[in-house]
Amino acid sequence: MADNSKLFLVARREKTSIFLEPLGSDLVQIVVDTIANMMQKNPDDVALMYQGQRLDGSKALSACGLSMQGEAIVEPLQVQFVYAVEGSEGEFEPPNVVPYKKNTTDHLAEVGLSPDNSEVPPEP
């Protein structure tokens, strides 16, 4: 039975985040092709990873464990995309995701600035 539930994914690599809404029944290869097209890469040079495992392009996303059951829609499932190692046969780089920065307003207050770049007066 096909899983036609909509997924909310964020595919990440380094500082790049791509938000996608595929169906659970979509093949992993469809997501790989979409990412490759957006990043102007050959689909053979892109792989999708979830929970440390490279996903098989011939399987449905739901068959790879991606499901929104019990997940809040505001929190997307995070997958990583990786590129093939140049000059290798089927070898891909390890996942590398740069964490999101803190809330900008909080960070500005930490360094003594307000959002409008003026200095924050010291607390009495």
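Tell me, yes or no, whether segment 80-90 has at least one residue that is within 13 Å of ARG12 (Cα to Cα) and of a type outside the set (Phe, Trp, Tyr).
yes
Under 9 Å between Cβ atoms, at least 6 apart or on separate chains: pull out the pairs that start in segment 65-89 with a residue that is of a type outside the set (S, T, N, Q) and end on any residue that is part of a loop (DSSP other than H, G, I, E, B) and at pLDDT below 75.
Close Cβ pairs (under 9 Å, with a partner that is part of a loop (DSSP other than H, G, I, E, B) and at pLDDT below 75) amount to LEU77/GLU71.
Strands (runs of 3 or more DSSP E) wholly in segment 12-124 with at least 3 residues that are modelled with pLDDT of 95 or more and open to solvent by 50 Å² or more (accessible area, probe 1.4 Å) - which ones?
Details: elements: 16-20, 46-50, 77-83.
Hits in segment 12-124: none.
The values are calculated or read from the model by the stated rules, or taken from the named source; none is laboratory data. On a predicted model such as this, the values are computed, not experimentally measured, just so you know. With ideal geometry, Cβ positions are generated from the backbone for all residues, glycine too; neighbour counts draw on all protein chains shown. Each accessible area value is taken on the protein alone, full model and side chains, heavy atoms only, with ligands, DNA and RNA left out. Shrake-Rupley method; radii C 1.70, N 1.55, O 1.52, S 1.80 Å.
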